[in-house]
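Chemist: Sharing a structure here in structure tokens format.
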Amino acid sequence: MGRKLEELIGNLSIWQTGDYGDVDTSSPRDLAIAELRTMGPQAVQALIERLDGLLAATSAHRKRVKAVQEAWTAWYEESDRLGDEHGLGADLERYRTIPSNSLPQRSAEDTNYRDPYELKQGIIEALHQLGDQRAAPVLTAALSDRTCIPAAAQALCDIHADHAVPALLNAVTLVDHNTNKSIVFDPLLASLRHYGVSMAQARERFEAETSPQGRVRLMHLMTQLPDDGADRPSESEIRDSLVFLALDDKDNTSRWEAVGILNRIDNNTVERDIFSEWEAPPPADVIRSAIALAAHGKPPGHDRELASRLRRIRHTAPAARAVEATLTQDSPEPDVEELRLALRLALGVHTSELDDPLRFARALHRLSSHSQVGDSALLALRRTCWDLLFPQMVQADEARRREARTIFDAIATPHEHTRFAGYTSSQSFWTKLRQRFRRG
């Protein structure tokens, strides 16, 4: 029986039917479940043990991969920071606190790992159809595996588990309610309703959640539950999470959904054509909010990722305007942490995208005397001289030219003077060339 049982369990991963004109369109999974029914309690125990082992292996693999990814992410973040501080071409290794030769690598086991999600789903379906109460604990555990959630949630509607509600609420934070809603989210919602989850339980779980995606997904769940007198949170309570999602440069759907909700929360009536701007970064006002969040360690546990997202888009026009708004604000006591982050981002801003380059230079010059961010402001001003100050120093408007020259003389080193001489020389060359073509 042992070999036969193993063969049947293996067939549970094959859910496709034979579409070749055969009369019997049952899949190998269907046939295996039918035969497993005849084997009694031994089959149920074997299925439980196999699923438990597969869940444990997947969880261990994900933990190992996450540890490697976190180490590399920290290395890249330090590389970005050191690159900003020391400039292009600098030997960063001498400044690192995370040496490049210390970085972990994925093992061959993890590199070659293939998630047996179809087998896990097949085992869950088999346990569901066999209906043995002993399967309740492992079905509850399967809710922590994203690929198993719909099947496990459906099974738990028929196989009662004493601690299903906390696990089901945790599962809500793992699934996207927009993608394949009828396949993924609806079975989970049906199971929560079956167990009579209350608004108060969902609200308590919402308050404990720190991940932006999780908070938004729990918020969506609460819009699907009947009002039982408990306070449903307002959309403003997920504003920070929405700002985080609005900067997701890998998921356009989530980004534009978040931007739309933010517009509604902020009573922003600006019309945006998401189809023509599908790949575009979020608006400047959202990026400005993201700078404020990341500068103060928010969202909790996700501020580093938010700062990385900001850095990846800092060359765009909306980011330039957001950085400009942060650094040129009229507040007598601007937030130092926001200034510090904005000054780092300023090192990658395309100054041609600024609303007023001279006003931006003026703000950097003023901040260069700030007791806490002065060095960063001076670095940003010197690093952007070619695109920021030099064009202002040669333009026709005498007042702007004089102000730009005053700022330059106050901060320029001999190196900057040499660069400006090269700039004016190149401008003169191109001016003469254009005039020659016009005469020709």
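Chemist: Does residue 134 satisfy the criteria of being open to solvent by 40 Å² or more (accessible area, probe 1.4 Å), under 28 Å from residue 293 (Cα atoms), more than 21 Å from the chain's Cα centre (by Cα) and modelled with pLDDT of 95 or more? Write out each step before concluding.
Modeler: Values: open to solvent by 40 Å² or more (accessible area, probe 1.4 Å): yes; under 28 Å from residue 293 (Cα atoms): no; more than 21 Å from the chain's Cα centre (by Cα): yes; modelled with pLDDT of 95 or more: yes.
Against the criterion (open to solvent by 40 Å² or more (accessible area, probe 1.4 Å), under 28 Å from residue 293 (Cα atoms), more than 21 Å from the chain's Cα centre (by Cα) and modelled with pLDDT of 95 or more), residue 134 does not qualify.
Chemist: Hey, another quick one. For the range 168-187, give me each residue that is closer than 18 Å to residue 204 by Cβ and crowded, with 20+ Cβ neighbours inside 10 Å.
Modeler: 168, 169, 171, 172
Chemist: Does residue 288 satisfy the criteria of being basic (Lys, Arg) and at pLDDT below 95?
Modeler: Spelling it out, it is not the case that residue 288 is basic (Lys, Arg) and at pLDDT below 95.
Chemist: Checking residue 80 against (1) out of contact with any Lys or Arg (no Cβ under 7 Å at 6 or more places or on another chain); (2) surrounded by 15 or more Cβ atoms within 10 Å (Cβ to Cβ): exactly one of these is not met. Which one?
Modeler: Here residue 80 meets the rest and fails (1).
Chemist: Looking at (1) closer than 18 Å to residue 157 by Cα; (2) under 21 Å from the mean Cα position of the chain (by Cα), which one does residue 216 not meet, given that it meets all the others?
Modeler: (1)
Chemist: Run down 324, 333 and say which single residue is of a type outside the set (A, V, I, L, M, F, W, C), under 19 Å from residue 359 (Cβ atoms) and more than 20 Å from the chain's Cα centre (by Cα).
Modeler: Just a single option satisfies the conditions, and that option is 324.
Chemist: Which residue out of 35, 49 is open to solvent by 20 Å² or more (accessible area, probe 1.4 Å) and closer than 14 Å to residue 130 by Cα?
Modeler: 35
Chemist: In the range 242-268, how many residues are of a type in the set (Val, Ile, Thr) and either in contact with a strand residue (DSSP E or B) (Cβ under 8 Å, 6 or more places away or on another chain) or on the phi > 0 side of the Ramachandran plot (or both)?
Modeler: Here the count works out to 0.
Chemist: Right, here's the next one. Any residue in the range 273-286 that's more than 14 Å from residue 309 (Cα to Cα) and of a type in the set (Phe, Trp, Tyr): show its pairings with residues that are outside any loop (DSSP other than H, G, I, E, B) and at pLDDT 85 or above at Cβ separation under 7 Å, as long as the two are six or more apart or on different chains.
Modeler: Close Cβ pairs satisfying both conditions: 278/252.
Chemist: Shifting gears a bit: Could you list, in sequence order, the residues of the range 137-165 that are in a loop (DSSP other than H, G, I, E, B) and either modelled with pLDDT of 95 or more or under 28 Å from the mean Cα position of the chain (by Cα) (or both)?
Modeler: 143, 144, 145, 157, 158, 159, 160, 161
Chemist: In the range 244-257, which residues are under 18 Å from residue 307 (Cα atoms) and either open to solvent by 30 Å² or more (accessible area, probe 1.4 Å) or aliphatic (A, V, I, L, M) (or both)?
Modeler: 245, 246, 247, 249, 250, 251
The values are calculated or read from the model by the stated rules, or taken from the named source; none is laboratory data. In this text, all values refer to a predicted model and were calculated from it rather than measured experimentally. Neighbour counts run over all protein chains shown; Cβ positions are idealised from the backbone, glycine included. Heads up: the accessible areas ignore ligands, DNA and RNA and are worked out on the full protein's heavy atoms, side chains in. Shrake-Rupley method; radii C 1.70, N 1.55, O 1.52, S 1.80 Å.
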